[in-house]
Amino acid sequence: MLTPRRIQIFKAIVDEFIKTAEPIGSKALQERYHLAYSSATIRNDMQVLEEMGYLEKTHTSSGRIPSTMGYRFYCETLLDESNLDKRMEVAVHDAFEASLMSVDEAIRQSCEIVSEMTNMTAGAIGPDASKQHLEHIKLFPLDERNAVCVFITDQGHTETRNFHFKQSVSIQDLETTTDILNRRLKGVALTELALRLEEIKPELNAVVQRHDVLFTAFLRAFIRFANDTVYFSGKDKVFFQPEFEDINKMKKLMGMFEDESIWKQMDENANAVALTTRGGSQLTWVNDLAIVRSKFHLNDEDSGELMVVGPSRMEYDRIVPLLDYVARMIEEAYRKGDDHD
C-alpha cells in the first residue's frame, strides 16, 4: 500500500537520484532529507516500494534507484506541471519577441533554447510534409555563385535553403527558373516535388543556360524539404550523461538520432512505457532513455512536436512545463506570422 510516508520517501529517492545519478540508502536518505522516521522504518518502506515495482536495486550498491514504473508513477501523481521557472519563461518570451520568425525558424530556435536551458538534447518533429503543398518559391541572389531560396507552403510553412553553385549563374537564369517552377509546381504536394521537377527538366533545358546547376540545386532542396521533418539540437549533451557512458548504449542512441522514423513512431515501440500527463504532455521511457514531448498546433490539420531526450532521471518538474510553454510560443509565433502576412 502506498501510504503518505512511503510516497514521501519515494519522492525523496527520485529527487536525490535525479540530482546525483547515485543509488541512495536509508541512512543517507534520512540525513539529507531530514525525514522524521528511523533508518529501519525507511529501509522497510524502501523494500516495500521495491516489491511494488517502484524502486530497484543496482548491482553495485545496497541503495535503491527509481524503476521505469517508478518514474511513471512520479510523473503521473507527483509532477507539478504549472511550476514553470520564471527566469526560463522570461528568457523564452524575450527570444520570441525579438523578431518575427517563420515556423521553421521558431521550431529550430526553440530546440536550441530548450537544449541550452535543460542541458539535454532537444528535438522537434515538424508538420507532416505529405499534407502540405507548395505555394510559392522566392529566390534571392547574393552573387553569381550564391543565392537564398525560400519555399512557402499553403499552410504557411516556410523553409530556407542556401544555394552554393559550382559555376556562375546569371540573375536572368535565376529569375527564369523561379518563374517556371512557380507556374508549374504551385499546388503540388511537397512529397511529389522532386518527381514533378523531373517532368519540367526539358523546359528548363530549353530556356535556362545553367539549367543543370539549377536543376541539381532545386532537386536536392525539394528532397530535403519533403524529408527533413525531424530536427535535433545538442545531440552530444545526452552522451555526457553517466547512463550513456557505455559504448554500446551510445552507438544505439546515435543510430536512433539518424533514423527519423523512430521518433515519429515512438508510441508504437513495444518496449516503451508511456504516459500522457494531466496537462497533455507525453512521456515515454525506453530502457534508460526518457522522451518528453509536447504538441504544437498550427491549424486544424497541421501540428508538430517538441521533445527533450535524456536519461530517465531528468528533471521532469522543470522540463515538462518548459516544453509546454515553448510549444505555446511556437503557436503564437505562427499566428503573428499570419497576421503579419
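Here are the numbers:
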| quantity | calculated |
| --- | --- |
| Residue match in the range 259-266 (condition: among the hydrophobic types (A, V, I, L, M, F, W, C), out of contact with any helix residue (DSSP H, G or I) (no Cβ under 6 Å at 6 or more places or on another chain), part of a strand (DSSP E or B) and in contact (Cβ under 8 Å) with a residue 40 or more places away in the chain) | no |
| One residue from R318, R293 being among the basic types (K, R) and more than 14 Å from the chain's Cα centre (by Cα) | R318 |
| Members of the range 294-304 that are in a strand (DSSP E or B), surrounded by fewer than 21 Cβ atoms within 10 Å (Cβ to Cβ) and not polar (S, T, N, Q) | K295, H297 |
| Only listed residue being closer than 26 Å to E260 by Cα and polar (S, T, N, Q), chosen from T178, T216 | T216 |
| Looking only at the range 1-18, and only at residues there that are farther than 15 Å from Y71 by Cβ and of a type in the set (D, E, K, R), the one that is most open to solvent (accessible area, probe 1.4 Å) | R5 |
| Test: residue in the range 252-270 that is within 23 Å of L78 (Cβ to Cβ) and among the aromatic types (F, W, Y) | no |
| Tally of residues being of a type in the set (D, E, K, R) and in contact (Cβ under 8 Å) with a residue 12 or more places away in the chain across the range 178-197 | 3 |
| Count - residues of the range 267-283 that are touching a residue at least 60 places away in the same chain (Cβ under 8 Å) and touching an Asp or Glu at 6+ places or on another chain (Cβ under 7 Å) | 5 |
| The range 55-68: number of residues that are open to solvent by 30 Å² or more (accessible area, probe 1.4 Å) and at pLDDT 90 or above | 2 |
| Residue that is nearest to the chain's Cα centre (by Cα) [pool: residues in the range 159-171 that are loosely packed, with under 13 Cβ neighbours inside 10 Å and in contact (Cβ under 8 Å) with a residue 24 or more places away in the chain] | K166 |
| Those helices (runs of 4 or more DSSP H) lying entirely in the range 154-241 with at least 3 residues under 28 Å from Y334 (Cα atoms) | 171-185, 211-227 |
| Hits in the range 69-108 (condition: open to solvent by 50 Å² or more (accessible area, probe 1.4 Å), farther than 22 Å from Q282 by Cβ and part of a helix (DSSP H, G or I)) | K86, R87, V90, H93, D94, E97, E105 |
| Residue that is nearest to the chain's Cα centre (by Cα), among those in the range 182-229 that are open to solvent by 30 Å² or more (accessible area, probe 1.4 Å) and of a type in the set (S, T, Y) | T191 |
| Selection from the range 109-148 of residues that are aliphatic (A, V, I, L, M), in contact with a strand residue (DSSP E or B) (Cβ under 7 Å, 6 or more places away or on another chain) and buried (at least 16 other Cβ atoms within 10 Å of the Cβ) | V114, M120, A122, A124, I125, L134, I137, L139, A147 |
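Residues are listed down the side, and each one gets a yes or a no for (1) part of a helix (DSSP H, G or I); (2) surrounded by 18 or more Cβ atoms within 10 Å (Cβ to Cβ); (3) hydroxyl-bearing (S, T, Y):
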position	(1), (2), (3)
V292	no, yes, no
M307	no, yes, no
R318	yes, no, no
A327	yes, yes, no
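The values are calculated or read from the model by the stated rules, or taken from the named source; none is laboratory data. Nothing here was measured: the structure is a model prediction, and the numbers come from that model. As a convention, Cβ positions derive from the backbone with ideal geometry for all residues, glycine included, and neighbour counts pool all protein chains shown. Note: accessible area is taken over every heavy atom of the protein model, side chains too, but ligands, DNA and RNA are not part of it. Shrake-Rupley method; radii C 1.70, N 1.55, O 1.52, S 1.80 Å.
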